[in-house]
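The values are calculated or read from the model by the stated rules, or taken from the named source; none is laboratory data. Given the structure is predicted, the values throughout are model-derived calculations rather than measurements. Positions of Cβ are backbone-derived with ideal geometry, glycine not excepted, and every protein chain shown enters the neighbour counts. Please note that ligands, DNA and RNA were not included when accessible areas were found on the heavy atoms of the full protein model with its side chains. Shrake-Rupley method; radii C 1.70, N 1.55, O 1.52, S 1.80 Å.
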Amino acid sequence: MVSAQATHEVLEVLRHVPDPEIPVLSVVDLGIVREVRDDAVVITPTYTGCPATLAIEKSIREALDASGHSDMRIETAISPPWTTDWISDEGRAKLRAYGIAPPSKHGARCPQCDSAGVEEVSRFGSTPCKALYRCRDCGEPFDLFKCH
Amino acid sequence: MQPINERALKLGDDSLILGQRLSEWCGHAPMLEVDLALANIALDLIGQATLFLGRAGDPDALAFRRDVLDFRNCLLVEQPNGDFAQTVARLFLFSNWQELMLRDLCSSDEFGDIARKSVKEVAYHARYASEWVVRLGDGTDESRGRMIAGLDWMWRFTPELFEGDAAPLRGEWDARIDAVLGDAGLDRPKDSRPILGGRKGHHSEHLGHLLTEMQFLQRAYPGATW
């Protein structure tokens with residue numbers, strides 16, 4: 001049972017490693033951490049070309065080393081492919097509070113006034129995972145985390 | 001020595017060369033949103049290239065230390081950007097093909113993992129390009145004329161996409177292309193003598209110029225890292 005305790009500890013450490021592009025989310029909230037095993041943390045990239053992937057691996061390495069888990073390896077798996085369905089409910093709430101509309105299959109809502117009267121300004125935003133939207137009711141421009 | 005994985009090279013080189021072409025727009029696009037979009041699409045493609053080329057060897061060595069004759073990309077992706085409409089035409093014709101090709105590849109033992117990840121990204125590229133074809137084709141006389149010229153430039157390189165194993169994709173690709181051209185009020189470009197050879201390493205002059213820029217740093221400072 002020592003190992004179950006250890007993997008739980010590692011997961012707690014990872015819950016405090018922020019995503020470099022959207023620091024309000026942890027790598028666990030974002031679904032980048034797929035599995036914590038006795039000897040390794042398995043992560044998956046969001047988009048194949050996401051430039052944050054290397055930075056994420058580096059911050060996870062540093063957090064593991066700093067918490068006494070230097071023996072844990074980091075493995076990358078691309079299958080099954082990352083999907084926004086893996087963003088936790090807590091992650092979705094944090095996104096909304098941060099001003100980014102969380103991914104939704106039922107249409108986007110403004111993170112400021114919750115109106116559904118929104119329009120796409122640009123399908124590609126400041127990072128591969130976001131699109132640029134505008135709220136027709138309160139006028140707020142905002143990022144939408146794209147369903148993927 | 002093991003023979004190099006030709007299939008991985010074709011898949012990787014298509015994505016790499018189009019990714020490099022699109023990144024040439026960075027900082028030069030007609031508006032900020034387009035700049036962001038093309039840079040993001042280029043990133044996706046270069047990410048895919050890294051994965052595919054990784055199945056053929058060291059992706060950096062393959063990207064930066066091969067000469068023109070060793071590249072296996074199709075001729076379409078190496079064509080010059082031209083104006084924005086010509087860039088849109090190339091992305092439209094290629095991404096619609098790439099999406100169908102990757103969709104079939106999802107069940108492959110060898111490349112299925114990469115295909116299942118990439119196909120989601122490419123579906124987005126195809127939709128983006130298709131929307132621009134409609135916007136430009138159905139826009140002003142100026143935008144319409146440019147869209148027609150862009151499609152005319154790129155069209156002769158499309159038969160190469162359907163060589164060999166990819167032949168069965170032709171019907172569905174035709175239907176997709178025709179539907180978008182219909183929405184844009186554009187005629188299908190006239191077929192001319194197909195230009196082939198990229199898959200065998202017989203490239204147009206344009207690829208050499210692209211490589212001189214892409215490979216400059218590793219040629220001048222071999223092994224340099226960030």
Checklist entry - Hey, what angle do you get for helix A:89-98 against the long axis of chain A, alpha-carbon based, 0 to 90 degrees rounded to 10? => result 50 degrees
Checklist entry - Tell me, what is a quarter of the convex hull surface for the C-alpha atoms of the protein assembly as shown, in nm² with one decimal? => result 21.4 nm²
Checklist entry - For B:Gly139, which sequence-distant residues (separation of 5 or more, or a different chain) have an amide H within less than 5 Å of its own amide H, given hydrogens modelled in the peptide plane? => result B:Arg144
Checklist entry - Over chain A, what is the relative contact order in whole percent, taking alpha-carbon pairs under 8 Å and six or more residues apart? => result 18 percent
Item to check | For A:Arg123, net neighbour charge (Lys/Arg +1, Asp/Glu -1) across residues whose Cβ lies under 15 Å away | outcome: -2
Next on the checklist: Could you tell me the relative contact order of chain B? Use alpha-carbon pairs under 8 Å, at least six residues apart, and round to a whole percent.
Outcome noted: 24 percent
Checklist entry - Per residue and in Å³, how big is the convex hull formed by the alpha-carbon atoms of chain B? => result 128 Å³
Item to check | Carbon and sulfur %, accessible surface of the protein assembly as shown computed with the full protein complex present, 1.4 Å | outcome: 54 percent
Next on the checklist: Just the number please: accessible area per residue for the stretch B:33-92, 1.4 Å probe, all protein chains included, in Å².
Outcome noted: 29 Å²
Next on the checklist: Considering only C-alpha atoms, what is the centroid distance from the stretch A:47-77 to the stretch B:149-177, in Å?
Outcome noted: 41 Å
Item to check | In degrees, nearest ten, helix B:205-214 long axis to first principal axis of chain B (Cα) | outcome: 60 degrees
Item to check | Contact order relative to length of the stretch A:87-145, as percent, for alpha carbon pairs under 8 angstrom and 6 or more apart | outcome: 29 percent
Checklist outcome for this item: When the charge dipole of the protein assembly as shown is computed with +1 at the Cβ of Lys and Arg and -1 at the Cβ of Asp and Glu, the Cα pointing farthest to the positive end, of B:Ala166, A:His106, A:Ala66, is that of B:Ala166
Checklist entry - What are the GluC sites (Glu not before Pro) within the stretch B:52-127 that DSSP puts in a loop, where the Cβ has at most 15 other Cβ atoms within 10 Å? => result B:Glu110
Item to check | Heavy-atom accessible surface that A and B bury in contact, both chains counted, 1.4 Å, Å² to 100 | outcome: 2000 Å²
Next on the checklist: Which lysines, if any, have their Cα less than 29 Å from the Cα of B:Lys117, not counting same-chain residues under 8 positions apart?
Outcome noted: A:Lys58, A:Lys94, A:Lys105, A:Lys130, A:Lys146, B:Lys10, B:Lys200
Checklist outcome for this item: Here FRET efficiency (C-beta to C-beta, B:Arg193 to B:Leu69, R₀ 30 Å, nearest 0.05) is 0.85
Checklist entry - Which angle from 0 to 90°, rounded to the nearest 10, does the C-alpha axis of helix B:6-23 make with the longest principal axis of chain B? => result 60 degrees
Checklist entry - How much of the DSSP beta bridge set in the protein assembly as shown is antiparallel, as a percent to the nearest 5? => result 70 percent
Checklist entry - So for chain A: antiparallel DSSP bridges make up what percent, rounded to the nearest 5? => result 70 percent
Checklist outcome for this item: Cα convex hull volume per residue for chain A, in Å³, equals 105 Å³
Checklist outcome for this item: Packing-ranked peptide list from A:102-109, B:18-25, B:158-165, highest mean Cβ count within 10 angstrom first, is B:18-25, B:158-165, A:102-109
Next on the checklist: If I ignore ligands, DNA and RNA and count only protein heavy atoms, how much of B:Asp113 is accessible to a 1.4 Å probe, in Å² to the nearest 10?
Outcome noted: 30 Å²
